[in-house]
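K.L.:
This is the structure I want to talk about, given as structure tokens.
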Number of protein chains: 2
Amino acid sequence: MPQYNSVTITDVQAAQERLLGIAHRTPVLTSRIVNDRTHSQVFFKCENFQRTGAFKFRGAYNALLQLSAAQKQKGVITYSSGNHAQAIALAGKLLNIPATIVMPDDAPAVKQTATRSYGAEVILYNRQETNREELTQNLARVGAASRRHRALTLIPPYDHPHVVAGQGTTALELIAEVGQLDLLLVCCGGGGLISGCAIATKALLPNCKVIGVEPELADDATRSFHSKTLQTVKNPDTIADGARTPSLGKITFPLVLHYVDDMVTVSEEAIIRTMFFLWERLKIVVEPTGALAAAALLEGVVKAPQTKIGVIISGGNVDLAQVGKLFS
Amino acid sequence: MPQYNSVTITDVQAAQERLLGIAHRTPVLTSRIVNDRTHSQVFFKCENFQRTGAFKFRGAYNALLQLSAAQKQKGVITYSSGNHAQAIALAGKLLNIPATIVMPDDAPAVKQTATRSYGAEVILYNRQETNREELTQNLARVGAASRRHRALTLIPPYDHPHVVAGQGTTALELIAEVGQLDLLLVCCGGGGLISGCAIATKALLPNCKVIGVEPELADDATRSFHSKTLQTVKNPDTIADGARTPSLGKITFPLVLHYVDDMVTVSEEAIIRTMFFLWERLKIVVEPTGALAAAALLEGVVKAPQTKIGVIISGGNVDLAQVGKLFS
């Protein structure tokens, strides 16, 4: 059973070296209206400006770069219909590593296209009939569907130490830019981003609190955190698609328990209001999951007046054609 | 008749001093996909991140700060349903100068609310029955509607040397950040932004070309530039509401003739495609007028491979509820 020392600050710092000049050093935005409203100084770390539009590129690249020469030659596989898919696809392209992505056959055409545009092979499956983790592991280990997929290395979306370390570079950069923080708010799906960021934050700023934010409708990590027993959620109907993951992972759960100070949830209405606010006032395109951390602050779920607060905007990949419906 | 020396680089530099710590030094974004597509190095100066969501705050604040004590006490007036209204309202609030804004009664409620939220008085008029310039001048000079409006100082949206100088600080900042440029693309409505930016650019980078971009449907400045005679357009039905101005001004026309190298136009479809591209790929909220300069480049109207190109994104104030319709 992995413990909380499966990933350390040294791993996160090593990841930062690997990502130098490859990942974007994303901008940190501030807003007077946010500061006035929260009576605090708020710094938004904008991973929606990251390559592929989300923080996921950090972990994917960090993981792929550390594969052996043989693994790189054979290629990698993962399951994702979201930002991890594009992240692995781009990292694979940059490192000349063949990438196979397992996606549900109802994934938006635009995401399939984006993933293929980076040169990845996309394998579709029926969400009702097939368990994606099993399918992927079969493809990777047994080569069930095609001999070509035999012995591919599986890079899961969050439950992997190199993925966690890569995501943690987000907080390293934020702290390097703004210095002291009293509080860091991070969204939580499978726990890769929050684990990595909490490790980095506690190492550099031991007094800075780290709070994770989930949708009310997908509150498995919050329940896991408070009960100290892994809880799950099944196909939650939240708009925050990045937080629809069934549970924290074997690696991320102990890290969250050890490094994170608290977990809170926000309503679907709060997520949408916050998205609207970020688009309208900060002029940035943020996806629902990307608005989770900001929602906890702007909706008053977390209050920390007279402090310096970091808020991670995790991504900006949305179907723009759907947004009008959401905001009208 | 004002000549092209009505505003000089010294005025723009003085405006920059006045705006220091008041206006945002807005970020400059780059995009690999844009560089790949255009075979050039492109730098987007993002005035959608400026206070009030557009470059207009620069000129408004620069103009208000230079009023006499008596003028400041009596207050200012302007006509605008758009970004200049909010810019004057905020500048007035910051400088404790009463601001009156004349707006058509069909201006979006959200813009009326935003302008009032900065403490400005909003006077509505009927667009069909009333000429706004005449109404405003009457209010300012004669006090026709209310004794309170007697002797207000009119700050027009573009045809004012202090407004032009303020807008020019946009280019000063861009050049300070990125250095040498071969080409600068700027949208053009009444010509305040492009005049100021062209003055600044030609002073600092004499070999850098400056090209203005208008909607095809509102091509008055392009026709004025090529014919060297002031041309007008009446209520053009372009989505780029910031470029619906009837013509260049007495001050801006000679400046455009002297400092600008060329003027081009883009179609409505090109504007919408470019907005969509900037939202989807750069993850920034850009209004139609704000996409004009980028459209000329991304749609191939202006081609400049193997060069360094500055593109000014002028603003990001849009009604988000309408966007879905536009993009779907």
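The values are calculated or read from the model by the stated rules, or taken from the named source; none is laboratory data. All figures in this text were calculated on a predicted structure; none of them were measured in a lab. Please note: Cβ atoms are built from the backbone with ideal geometry, for glycine as well, and neighbour counts cover all protein chains shown. Surface areas here come from the heavy atoms of the whole protein model, side chains and all, with no ligands, DNA or RNA. Shrake-Rupley method; radii C 1.70, N 1.55, O 1.52, S 1.80 Å.
Residue-by-condition table, conditions (1) in the same structural domain as A:Ile309 (by TED's automatic domain parsing); (2) of a type in the set (Ser, Thr, Tyr); (3) touching a Phe, Trp or Tyr at 6+ places or on another chain (Cβ under 7 Å):
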| site | (1), (2), (3) |
| --- | --- |
| A:Leu184 | yes, no, no |
| A:Lys202 | yes, no, yes |
| A:Lys209 | yes, no, no |
| A:Thr222 | yes, yes, no |
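K.L.:
Exactly one of these conditions fails for A:Glu280: (1) at pLDDT 95 or above; (2) touching a Phe, Trp or Tyr at 6+ places or on another chain (Cβ under 9 Å). Give me its number.
P.N.:
Looking at each condition in turn, A:Glu280 falls short on (1).
K.L.:
Okay, next question. Restricting attention to the range A:302-327, report how many residues are at pLDDT 95 or above, crowded, with 17+ Cβ neighbours inside 10 Å and part of a loop (DSSP other than H, G, I, E, B).
P.N.:
The number of residues fulfilling the criteria is 5.
K.L.:
Further, regarding this structure: Here are the criteria: (1) outside any helix (DSSP H, G or I); (2) among the aliphatic types (A, V, I, L, M); (3) without any contact (Cβ under 8 Å) to a residue 40 or more places away in the chain. Tell me which single one B:Ala23 does not satisfy.
P.N.:
Only one criterion is unmet by B:Ala23, namely (3).
K.L.:
Looking only at residues that are of a type in the set (Ser, Thr, Tyr) and farther than 17 Å from A:Val186 by Cβ in the range A:211-235, which one is nearest to the chain's Cα centre (by Cα)? It would help to see each step written out before you state the result.
P.N.:
At the first step, the residues of the range A:211-235 found to be of a type in the set (Ser, Thr, Tyr) are A:222, A:224, A:227, A:229, A:232.
From what's left, farther than 17 Å from A:Val186 by Cβ: A:227, A:229, A:232.
Working: A:Ser227: 23, A:Thr229: 22, A:Thr232: 18 Å.
Among them, the one singled out is A:Thr232.
K.L.:
Let me ask something else. Suppose we keep only residues that are within 8 Å of chain A (Cβ to nearest Cβ) and among the aliphatic types (A, V, I, L, M) within the range B:302-328. Which one would you say is nearest to B:Phe49 (Cα to Cα)?
P.N.:
Kept after step one, since they are within 8 Å of chain A (Cβ to nearest Cβ), are these residues of the range B:302-328: B:316, B:320-328.
Imposing the further condition that a residue be among the aliphatic types (A, V, I, L, M) reduces the set to B:320-321, B:323, B:326.
On the way: B:Leu320: 16, B:Ala321: 20, B:Val323: 19, B:Leu326: 22 Å.
The residue in question is B:Leu320.
K.L.:
If you don't mind, another one. Starting from residues that are of a type outside the set (A, V, I, L, M) and not in a helix (DSSP H, G or I), keep the ones in the range A:285-301 and report whichever is nearest to the other protein chains (Cβ to nearest Cβ). Quick ask: steps written out before the conclusion?
P.N.:
Just the residues of the range A:285-301 that are of a type outside the set (A, V, I, L, M), to begin with: A:287-290, A:299-300.
Then drop every residue that is not not in a helix (DSSP H, G or I), which leaves A:287-288, A:299-300.
Working: A:Glu287: 9, A:Pro288: 14, A:Glu299: 19, A:Gly300: 21 Å.
Result: A:Glu287.
K.L.:
If I ask for residues that are farther than 23 Å from B:Val318 by Cα, among the charged types (D, E, K, R) and more than 13 Å from chain A (Cβ to nearest Cβ), which ones from the range B:35-48 would you list?
P.N.:
Within the range B:35-48, the first condition is being farther than 23 Å from B:Val318 by Cα, and the residues that meet it are B:35-42.
Applying the additional criterion that residues be among the charged types (D, E, K, R) yields B:36-37.
Within the range B:35-48, just B:Arg37 meets the criteria.
K.L.:
May I ask you to list the residues in the range B:263-284 that are of a type outside the set (A, V, I, L, M) and either outside any strand (DSSP E or B) or within 14 Å of chain A (Cβ to nearest Cβ) (or both)?
P.N.:
Keep residues of the range B:263-284 that are of a type outside the set (A, V, I, L, M), which gives B:265, B:267-269, B:273-274, B:276-277, B:279-281, B:283.
Selection gives B:Ser267, B:Glu268, B:Glu269, B:Arg273, B:Thr274, B:Phe276, B:Phe277, B:Trp279, B:Glu280, B:Arg281, B:Lys283.
K.L.:
Check A:Glu287, A:Glu299 and return the single one that is buried (at least 24 other Cβ atoms within 10 Å of the Cβ) and among the acidic types (Asp, Glu).
P.N.:
Values: A:Glu299 fails: buried (at least 24 other Cβ atoms within 10 Å of the Cβ).
The match here is A:Glu287.
K.L.:
Any residue that is buried (at least 24 other Cβ atoms within 10 Å of the Cβ) and either in a helix (DSSP H, G or I) or of a type in the set (Ser, Thr, Tyr) (or both) - is there at least one of those in the range B:206-217? Before you say what the answer is, go through the steps one by one.
P.N.:
We begin by selecting, within the range B:206-217, every residue buried (at least 24 other Cβ atoms within 10 Å of the Cβ); these are B:210, B:212-215.
Now restrict to residues that are either in a helix (DSSP H, G or I) or of a type in the set (Ser, Thr, Tyr) (or both): none.
Scanning the range B:206-217, I find no residue that is buried (at least 24 other Cβ atoms within 10 Å of the Cβ) and either in a helix (DSSP H, G or I) or of a type in the set (Ser, Thr, Tyr) (or both), so the answer is no.
K.L.:
Would you check if there is a residue in the range B:230-242 being of a type in the set (A, V, I, L, M, F, W, C), in contact with a Phe, Trp or Tyr (Cβ under 9 Å, 6 or more places away or on another chain) and open to solvent by 20 Å² or more (accessible area, probe 1.4 Å)?
P.N.:
At the first step, the residues of the range B:230-242 found to be of a type in the set (A, V, I, L, M, F, W, C) are B:230, B:233, B:239-240.
With in contact with a Phe, Trp or Tyr (Cβ under 9 Å, 6 or more places away or on another chain) added as a condition, the list becomes B:230.
Next, from what is left, pick out any that are open to solvent by 20 Å² or more (accessible area, probe 1.4 Å): B:230.
There is at least one residue in the range B:230-242 that is of a type in the set (A, V, I, L, M, F, W, C), in contact with a Phe, Trp or Tyr (Cβ under 9 Å, 6 or more places away or on another chain) and open to solvent by 20 Å² or more (accessible area, probe 1.4 Å).
Here is a yes/no grid of residues against (1) within 14 Å of another protein chain (Cβ to nearest Cβ); (2) open to solvent by less than 10 Å² (accessible area, probe 1.4 Å); (3) under 22 Å from B:Thr26 (Cα atoms); (4) of a type in the set (Asp, Glu):
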| residue | (1), (2), (3), (4) |
| --- | --- |
| A:Pro27 | yes, no, yes, no |
| A:Ile33 | yes, no, yes, no |
| A:Gln50 | yes, yes, yes, no |
| A:Phe55 | yes, no, no, no |
| A:Lys74 | no, no, no, no |
| A:Ala91 | no, yes, no, no |
| A:Asn96 | no, no, no, no |
| A:Asp105 | no, no, no, yes |
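K.L.:
While we're here: Within the range A:89-114, which residues are β-branched (Val, Ile, Thr) and under 17 Å from A:Ala60 (Cα atoms)? First the steps, then the outcome.
P.N.:
Initially, the range A:89-114 is screened for residues β-branched (Val, Ile, Thr), giving A:97, A:100-102, A:110, A:113.
Answer for the range A:89-114, where residues must be β-branched (Val, Ile, Thr) and under 17 Å from A:Ala60 (Cα atoms): A:Ile97, A:Thr100, A:Ile101, A:Val102.
K.L.:
While we're here: Of the residues B:Thr245, B:Thr252, B:Thr274, which single one is modelled with pLDDT under 95 and either buried (at least 23 other Cβ atoms within 10 Å of the Cβ) or of a type outside the set (Ser, Thr, Tyr) (or both)?
P.N.:
Working: B:Thr252 fails: modelled with pLDDT under 95; B:Thr274 fails: modelled with pLDDT under 95.
The conditions single out B:Thr245.
K.L.:
Follow-up question, since we're still on this one. Regarding B:Leu124, is this residue of a type in the set (A, V, I, L, M), under 30 Å from A:Phe327 (Cβ atoms), at pLDDT 90 or above and open to solvent by 70 Å² or more (accessible area, probe 1.4 Å)? I'd like the intermediate steps shown before the answer.
P.N.:
Working: of a type in the set (A, V, I, L, M): yes; under 30 Å from A:Phe327 (Cβ atoms): yes; at pLDDT 90 or above: yes; open to solvent by 70 Å² or more (accessible area, probe 1.4 Å): yes.
The answer is yes for B:Leu124.
K.L.:
Out of everything in the range B:172-187 that is out of contact with any Lys or Arg (no Cβ under 8 Å at 6 or more places or on another chain) and open to solvent by less than 20 Å² (accessible area, probe 1.4 Å), what residue ends up being nearest to B:Gly21 (Cα to Cα)?
P.N.:
This residue is B:Leu172.
K.L.:
Look through the range A:1-25, keep the residues that are within 13 Å of chain B (Cβ to nearest Cβ) and either over 29 Å from A:Ser117 (Cβ atoms) or aliphatic (A, V, I, L, M) (or both), and return whichever of them is most open to solvent (accessible area, probe 1.4 Å).
P.N.:
Looking only at the range A:1-25, we keep the residues that are within 13 Å of chain B (Cβ to nearest Cβ), and these are A:21-25.
Imposing the further condition that a residue be either over 29 Å from A:Ser117 (Cβ atoms) or aliphatic (A, V, I, L, M) (or both) reduces the set to A:22-23.
Details: A:Ile22: 44, A:Ala23: 17 Å².
If we take residues in the range A:1-25 being within 13 Å of chain B (Cβ to nearest Cβ) and either over 29 Å from A:Ser117 (Cβ atoms) or aliphatic (A, V, I, L, M) (or both), then A:Ile22 is most open to solvent (accessible area, probe 1.4 Å).
K.L.:
So is A:Ala109 at pLDDT 95 or above, farther than 27 Å from A:Leu172 by Cα and surrounded by fewer than 18 Cβ atoms within 10 Å (Cβ to Cβ) or not?
P.N.:
Working: at pLDDT 95 or above: no; farther than 27 Å from A:Leu172 by Cα: yes; surrounded by fewer than 18 Cβ atoms within 10 Å (Cβ to Cβ): yes.
No; evaluated as a whole, the condition is false for this residue.
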